[in-house]
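Chemist: One structure, as structure tokens, below. Some questions next.
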DNA sequence: ATGATACGTGACAAATCGTAACGTATATGG
DNA sequence: CCATATACGTTACGATTTGTCACGTATCAT
């Protein structure tokens, strides 16, 4: 019986030489940079190691595969601060979306969504996890905004919040997926106009 | 100066042995089958050639790369019949979407969208072409439905059809992208409920 | 000091892509 | 019929990348 392979032991302090602390961040940063530059396909472990200034086996000691490395590099920068309650549906949507608009346009986001879609199409075990941790979480943020609006009376009490959430989430993600060359205006500008439209549409649902 | 490389000459009849006619379809069919089964990553030219019953160079004589082969295999099955004018916005949306719902759930559609997203993220030259030929065309179908509805008076004359089209297209594509395991109901059923919701929301816009 | 582990270097097998060299088969044109 | 040109299959090849391994050295706990 060999020893446990590829154990992640960054934080435990057993016997032996401890891992260089800066190396973990160097590897993840190099991965993110290269991912944004050349994409998942053309990202090679050799390049990651070279840019991080480490040897290739050092990368493999931390992550068993290229997929795991990239997944970890993307997950490490995901932070989800809950959107503030601005008091109105329209304000909540704007507060949720507009500050994130620049991030939505970042190459890394597109790369992540592409990986997610590939995993999804391949029915990989990662697909649902990625979806739940990234996309579904944002979708639920919209859902909470709609529930608050419903509690305020901005939305009809019999409105189907689940379906409406799909409308909002779908509209937003569609803007992110759209190729840059196929956009007629800036992502921020279009998102702002779409928010206004959605507010208007959602508000009208209460007149029943 | 060598001869022109990789010329596609399926239909021209020059001197020399003509290409086996069945081979073209065999290769594209094998590609589609394998693409749906294992995805783009794990699809290999060797497997394609084996399943098509031809040698590997025969595949390369027709398509210069794996990407070109897969692109051709997917493009070959795209046909866009215009949706009929049913006389109502809701009917048009149903007629446009429900017959295609089973196709939307097919693995090949997911694979194609995943490839499109990867190309997009890598800023590949194919991204905009794929988007225009596949996604944008469907989006425009929604746009035409909305324009017809506007002409009928079902939609406010000052409604922003371009933005509304994004709402409809985004809502639909979001359902397609959602992982199977993250779905709470069948794709057809949810699409049907979303269509009803969208009809209701869009119709209310005229009360201005 | 000893043992365990991390690190870098270098080498390695396996898979895959795309190309090339052959021999054979099948068309056109004389 | 014969020459030419091309398609096809088989086999082999180089290049790239992935992931592993062996080795020597460095660094920690005990």
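Chemist: Take the residues in segment B:121-134 that are within 9 Å of chain A (Cβ to nearest Cβ) and farther than 19 Å from residue A:105 by Cα, then tell me which one is surrounded by the most Cβ atoms within 10 Å (Cβ to Cβ).
Modeler: Filtering segment B:121-134 for residues within 9 Å of chain A (Cβ to nearest Cβ) gives B:121-124, B:127-128, B:130-132.
From what's left, farther than 19 Å from residue A:105 by Cα: B:130, B:132.
Details: B:130: 23, B:132: 15.
Going through the qualifying residues, I end up with B:130.
Chemist: Could you tell me which of the residues B:41, B:33 is away from DNA strand D (no atom under 16 Å from the Cβ) and free of Cβ contacts under 8 Å to residues at least 40 places away in the same chain?
Modeler: Working: B:41 fails: away from DNA strand D (no atom under 16 Å from the Cβ).
Testing whether each residue is away from DNA strand D (no atom under 16 Å from the Cβ) and free of Cβ contacts under 8 Å to residues at least 40 places away in the same chain leaves just B:33.
Chemist: Given (1) surrounded by fewer than 17 Cβ atoms within 10 Å (Cβ to Cβ); (2) facing chain B (nearest Cβ under 8 Å); (3) at pLDDT 95 or above, where does residue A:171 come up short, assuming only one miss?
Modeler: The one condition residue A:171 does not meet is (1).
Chemist: Taking segment A:181-206, which residues are in contact (Cβ under 8 Å) with a residue 40 or more places away in the chain and farther than 20 Å from residue B:168 by Cβ? Before the answer, list the steps.
Modeler: Narrowing segment A:181-206 to residues in contact (Cβ under 8 Å) with a residue 40 or more places away in the chain: A:187-188, A:191-192, A:195-196, A:198-199, A:202-203, A:205-206.
The answer is A:188, A:206.
Chemist: Looking only at segment B:68-88, count every residue that is away from DNA strand C (no atom under 15 Å from the Cβ) and either more than 16 Å from residue B:22 (Cβ to Cβ) or at pLDDT 95 or above (or both) and tell me the total.
Modeler: The total comes to 14.
Chemist: Looking at residue B:163, is it at the interface with another protein chain (Cβ under 8 Å from one of its Cβ atoms), within 23 Å of residue B:94 (Cβ to Cβ) and surrounded by fewer than 21 Cβ atoms within 10 Å (Cβ to Cβ)?
Modeler: Numbers: at the interface with another protein chain (Cβ under 8 Å from one of its Cβ atoms): yes; within 23 Å of residue B:94 (Cβ to Cβ): yes; surrounded by fewer than 21 Cβ atoms within 10 Å (Cβ to Cβ): yes.
For residue B:163, the condition - at the interface with another protein chain (Cβ under 8 Å from one of its Cβ atoms), within 23 Å of residue B:94 (Cβ to Cβ) and surrounded by fewer than 21 Cβ atoms within 10 Å (Cβ to Cβ) - is met.
Chemist: Give me the pairs, please: first residue somewhere in segment A:59-71 and within 14 Å of another protein chain (Cβ to nearest Cβ), second residue anywhere and within 14 Å of DNA strand C (Cβ to nearest atom), beta-carbon distance under 7 Å, and either six or more positions apart or on two chains.
Modeler: So the pair list comes out as A:66/A:45.
Chemist: Does residue B:108 fit the bill of being surrounded by fewer than 21 Cβ atoms within 10 Å (Cβ to Cβ) and outside the structural domain of residue B:66 (by TED's automatic domain parsing)?
Modeler: Values: surrounded by fewer than 21 Cβ atoms within 10 Å (Cβ to Cβ): yes; outside the structural domain of residue B:66 (by TED's automatic domain parsing): yes.
Yes: the conditions hold for residue B:108.
Chemist: Go through segment B:106-120 and count every residue that is under 21 Å from residue B:77 (Cα atoms) and within 8 Å of chain A (Cβ to nearest Cβ).
Modeler: From segment B:106-120, those under 21 Å from residue B:77 (Cα atoms) are B:106-119; that's our starting set.
Checking which are within 8 Å of chain A (Cβ to nearest Cβ) leaves us with B:107, B:110-111, B:113-114, B:117-118.
Final tally of qualifying residues: 7.
Chemist: Okay, next question. Can you report the number of residues in segment B:52-89 which are touching a helix residue (DSSP H, G or I) at 6+ places or on another chain (Cβ under 9 Å), crowded, with 16+ Cβ neighbours inside 10 Å and over 13 Å from residue B:112 (Cα atoms)?
Modeler: 11
Chemist: In this structure, is residue A:119 within 16 Å of DNA strand D (Cβ to nearest atom) and either under 30 Å from residue A:200 (Cβ atoms) or assigned by TED's automatic domain parsing to the domain that holds residue A:190 (or both)?
Modeler: yes
A quick yes/no check of all residues on (1) at pLDDT 95 or above; (2) under 17 Å from residue B:116 (Cα atoms); (3) under 14 Å from the mean Cα position of the chain (by Cα); (4) assigned by TED's automatic domain parsing to the domain that holds residue A:36:
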position	(1), (2), (3), (4)
A:97	yes, no, yes, no
A:103	no, no, yes, no
A:114	no, yes, yes, no
A:150	yes, no, no, no
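Chemist: Further, regarding this structure: Residue under question is residue B:54, and the condition is that it be within 13 Å of DNA strand D (Cβ to nearest atom), in a loop (DSSP other than H, G, I, E, B) and outside the structural domain of residue B:103 (by TED's automatic domain parsing); does it hold?
Modeler: Working: within 13 Å of DNA strand D (Cβ to nearest atom): yes; in a loop (DSSP other than H, G, I, E, B): yes; outside the structural domain of residue B:103 (by TED's automatic domain parsing): yes.
Spelling it out, residue B:54 is indeed within 13 Å of DNA strand D (Cβ to nearest atom), in a loop (DSSP other than H, G, I, E, B) and outside the structural domain of residue B:103 (by TED's automatic domain parsing).
Chemist: Take the residues of segment A:145-160 that are free of Cβ contacts under 8 Å to residues at least 24 places away in the same chain and part of a helix (DSSP H, G or I): which is nearest to the other protein chains (Cβ to nearest Cβ)?
Modeler: First, pick out the residues of segment A:145-160 that are free of Cβ contacts under 8 Å to residues at least 24 places away in the same chain: A:147, A:150-151, A:157, A:160.
Next, from what is left, pick out any that are part of a helix (DSSP H, G or I): A:147, A:150-151.
Values: A:147: 17, A:150: 15, A:151: 20 Å.
Checked segment A:145-160; the qualifying residue nearest to the other protein chains (Cβ to nearest Cβ) is A:150.
Chemist: Additional query: State whether one or more residues within segment A:59-67 are at pLDDT below 95 and either within 8 Å of DNA strand C (Cβ to nearest atom) or part of a helix (DSSP H, G or I) (or both).
Modeler: There is at least one residue in segment A:59-67 that is at pLDDT below 95 and either within 8 Å of DNA strand C (Cβ to nearest atom) or part of a helix (DSSP H, G or I) (or both).
Chemist: Any chance segment A:189-197 includes a residue that's in a helix (DSSP H, G or I), surrounded by 21 or more Cβ atoms within 10 Å (Cβ to Cβ) and within 7 Å of chain B (Cβ to nearest Cβ)? Show your work before the answer.
Modeler: Residues of segment A:189-197 in a helix (DSSP H, G or I): A:189-197.
Keeping just the survivors that are surrounded by 21 or more Cβ atoms within 10 Å (Cβ to Cβ) gives A:191, A:194-195.
In the following step, the residues that additionally are within 7 Å of chain B (Cβ to nearest Cβ) were identified as A:194.
Yes, there is a match, as at least one residue in segment A:189-197 is in a helix (DSSP H, G or I), surrounded by 21 or more Cβ atoms within 10 Å (Cβ to Cβ) and within 7 Å of chain B (Cβ to nearest Cβ).
Chemist: Any residue at all in segment B:94-111 that is in a helix (DSSP H, G or I), in contact with a helix residue (DSSP H, G or I) (Cβ under 9 Å, 6 or more places away or on another chain) and within 16 Å of DNA strand D (Cβ to nearest atom)?
Modeler: no
The values are calculated or read from the model by the stated rules, or taken from the named source; none is laboratory data. All of these numbers come straight from a predicted model, not from anything done at the bench. All Cβ positions, glycine included, derive from the backbone under ideal geometry; neighbour counts span all protein chains shown.
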